[in-house]
1. Taking K and R as +1 and D and E as -1, what net charge do the other residues with C-beta under 10 Å from the C-beta of Arg229 add up to?
2. What net charge do the residues around His278 carry, taking every other residue with its C-beta under 12 Å from that of His278, with Lys and Arg at +1 and Asp and Glu at -1?
3. Given Ala208, Gln292, Gly162, which one lies farthest toward the positive end of the charge dipole of the chain, if we put +1 on the Cβ of every Lys and Arg and -1 on the Cβ of every Asp and Glu?
4. Leaving out same-chain residues fewer than 8 places away, which aspartates and glutamates sit with a Cα under 19 Å from that of Lys65?
5. Once every Cα of region 214-305 carries one equal point scatterer and solvent is ignored, give the base-10 log of I(q)/I(0) from the Debye formula at q = 0.25 Å⁻¹, two decimals.
6. Kindly put Tyr123, Tyr239 in sequence by how many other C-beta atoms sit within 10 Å of each C-beta, fewest to most.
7. What is the magnitude of the charge dipole of the chain about its Cα centre, with +1 placed on the Cβ of each Lys and Arg, -1 on the Cβ of each Asp and Glu, and no other charges, expressed in debye to the nearest 20?
8. Residues with amide H under 5 Å of Gly58's amide H, sequence separation 5 or more or different chain, H placed in the peptide plane at 1.01 Å from N; which?
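Every number here is computed from the coordinates shown, using simple stated rules; none is lab data. These numbers come from a predicted model, not from an experiment. Methodologically, a virtual Cβ is constructed for each residue, glycine included, from the backbone with ideal geometry; neighbour enumeration extends over all protein chains shown.
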Amino acid sequence: MDFMKYSKLAVKILKYEEKEIYYDPAYHGRTLKIFGIDDDPARVIEYIGDQFLEKDYGLIFFDTKGKYPKEKFDTVIRIEDNKPTGLDPIKMVEKGLLKDFYTAATIIQTIYGLDRSLTNKLYADILEGKVKSVKDAAKSEEHYGEVIREAYTSLDDVFFEGEPPELGKSILVDFGRTYNISIAGMAFLILAAAVKDRRSTLIGIDDAAVLFYTTPGIAALPLLTQPMRGRVTVLGSRYVVENILNIPGPTLVLYNDPDLQSMIYEANGAPQGDMRKHVLKGEGAFIWRTTQTLEVEFGKLPFEG
């Protein structure tokens, strides 16, 4: 493809002999999925992130390994089991970090499995000032309090304590010391809701399969992958799972077991034969669609020398 067709958002992802292969969110789709093993997806996200920082984009990175360089960010939020995060959605609305109290009520609904009528009652009580925090909701004599208490633990209690964090232009959310998957899912949903309307932003998620594992995590998925001008989302995963394969957008296949590479090609509709080249260590296959065709471009990762 002629480079002139690319927008100013295009970033280099592969090189093949003398040719450079670019990912352009405006042309290829605004959510890029990257499948690989070990730290390969994270390294590619970092490489893409650096190129977007040069374009004066904000970078919001959800990092399950806790290895991402922290000096690139205005805000670093460390999520740890049994440590306060200040991520209470009701308090976050008051601080202007979440849009409105209805958003806060629906986040609590998603985390604790409230039905619509209980959510509406909770919302009314928040508006009336009867409920000023998630802790208040959990202690309430109302029926929603009873339902919340069934799943509410001391870990939740500590999680919601503290002052809501300042959220700068570039944010690193470090899950490296989070072992409880429910805590990770809650933090992910709440922060996804807080940043979902940001423009001129690259959102990186690694490992996406881990963060999308819980009900709150699944609820965060459309918030961050719905196409939006001025926002790009890059999902890295070591696990080839259906809920990520099915997200519309291009795919970058990195080195992996042959049967997993085959599954990714299959899910993308690549025909049997030459288009399904086996990707070796340090290589990548970039799969993308136009409205009429499926394209697969092969090359080496540019940072592999």
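1. Neighbourhood net charge equals +3.
2. Summing Lys and Arg as +1 and Asp and Glu as -1 gives -1.
3. It is Gln292, whose Cα lies furthest towards the positive end.
4. Qualifying aspartates and glutamates at Cα under 19 Å: Asp38, Asp39, Asp40, Glu46, Asp50, Glu80, Asp81, Asp174, Asp206, Asp207.
5. So the normalised log intensities work out to -1.39.
6. Lowest count first: Tyr239, Tyr123.
7. I would put it at about 660 debye.
8. The list, which skips near neighbours in sequence, is Thr201, Leu202.
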